[in-house]
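The values are calculated or read from the model by the stated rules, or taken from the named source; none is laboratory data. Every value quoted in this text rests on a predicted model; they were computed, and no experiment measured them. Heads up, the Cβs are rebuilt from the backbone with ideal geometry, glycines too, and the neighbour counts pull from every protein chain shown. We work out accessible area using only protein heavy atoms, side chains counted, and drop any ligands, DNA or RNA first. Shrake-Rupley method; radii C 1.70, N 1.55, O 1.52, S 1.80 Å.
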Amino acid sequence: MKKVSKVLWQTEVGNDKPAITVGLDLGDRYSHYCVLNEECEVVEEGRIQSTESAFRRHFESDPRQRVALECGTHSPWVSRLLKSLGHQVLVANARKISAITASESKNDRNDAELLARFAAHDPKLLSPVQHRSLERQQDLNLIQARSTLVRARTMIVNALRGLVKSAGGRLPACSTESLPVRARTSIPPALKVVAVPLLKQIALLNAQIGAMDQQIEKLAVRYPEIGVLRTAPGVGPVVAAAYVLTLDRPDAASNRSAGAFLGLRPGQSQSGESDPQRRISKTGDSYLRSLLVQSAQYILGRFGPDSALRRWGLKLASSGGKRGKKRAIVAVARKLAVLLHSMWRSGQRFQPFPQPAKAADAA
């Protein structure tokens, strides 16, 4: 459609709200948009290519607008581009707007209009999120790429062990790093042709993951808070860096809500007298959540150092059998998330047995 006349555009209205609101439904090849005027009337609809040049041509000559879009694969670079062009950008949390994601008449055109109407009426309805900076995103990409390589290595190792077992053999119990060397003598001759390429891939992945680990170690120079978080038990460079770069800033959540922010708090479905117990919500970043669970397993394991957190977790685990152990791991992971957030905000190192507030004040 022909672009709306410039007479309809106004620069700004009260409360820092531009007169024009745009809903933008992003797609891989094309993105649909819907434009509302100050009276929330649709004045323009259409689609544009999902490329930087197309977005720049469409938005750079327009007065300041409020643009609402869903978080997703393209939202980080699109939101940065639109902000650089002077527009007010709202990135909607797709998990929180079921009126769009669960609509029975869901299509790109309707999604764009609903985004625009929510943004024009009350932006809080979108539960907007704040994307991290380009530099932080690139550092987080390093951690995510390492995670992909680790998963690939685990898959190859499991496949190799399964092949050897099926031929009546067994690979030695050893670390993944030493497996390519130690496993060669345990591979049956009939499997040499298929097993040797797998061993070479494991060795190559070990080298690549090791190089990435060195790069992640250097992130502490740019983000000093990583060093503070690493003083907590079970929190190494990968966990600390992932925590800092995923939350992006300490005010992204409060201390108490850090666990809920990462999906480690039980979901709620309370209505009247009914308040059933539910599983954890599993919202937020799944990779960071899995890292915190691994840290919790170390804290409660045989090599975990003594601390108030470990004692609390072990007491919780001893009260419910096998199921209690699983619940204790999740509970410790949630408490660890809260503890790391508090350490980040205060800059204080981990204290195995923190003093009560009154005792600390007296001291």
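Data table
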item: Those residues of region 69-78 which are in contact with a Ser or Thr (Cβ under 7 Å, 6 or more places away or on another chain) and either part of a loop (DSSP other than H, G, I, E, B) or among the small types (Gly, Ala, Ser) (or both), in sequence order; result: His74
item: Qualifying residue in region 98-119 (condition: farther than 30 Å from Met212 by Cβ, crowded, with 19+ Cβ neighbours inside 10 Å and free of Cβ contacts under 8 Å to residues at least 40 places away in the same chain); result: yes
item: Helices (runs of 4 or more DSSP H) wholly inside region 125-243 that include at least 3 residues being loosely packed, with under 15 Cβ neighbours inside 10 Å and modelled with pLDDT under 95; result: 134-166, 192-217
item: Residues of region 46-99 classified as in contact with a Phe, Trp or Tyr (Cβ under 8 Å, 6 or more places away or on another chain) and among the basic types (Lys, Arg), total; result: 1
item: Filter result (under 18 Å from Trp344 (Cβ atoms) and without any contact (Cβ under 8 Å) to a residue 24 or more places away in the chain) within region 199-222; result: Ala220, Val221
item: Index of the failed condition, Ala253 passing every other in (1) modelled with pLDDT of 70 or more; (2) open to solvent by less than 20 Å² (accessible area, probe 1.4 Å); result: (1)
item: Checklist (1) surrounded by 15 or more Cβ atoms within 10 Å (Cβ to Cβ); (2) at pLDDT below 95; (3) in contact with an Asp or Glu (Cβ under 7 Å, 6 or more places away or on another chain) applied to Val13, failing item; result: (1)
item: Scope region 79-123; condition aliphatic (A, V, I, L, M), part of a loop (DSSP other than H, G, I, E, B) and touching a helix residue (DSSP H, G or I) at 6+ places or on another chain (Cβ under 7 Å); matching residues; result: Leu85, Ile97
item: Some residue of region 52-62 being on the phi > 0 side of the Ramachandran plot and surrounded by 14 or more Cβ atoms within 10 Å (Cβ to Cβ); result: no
item: Pick from region 339-363, criterion open to solvent by less than 100 Å² (accessible area, probe 1.4 Å) and at pLDDT below 90, ranking: nearest to Tyr223 (Cα to Cα); result: Pro354
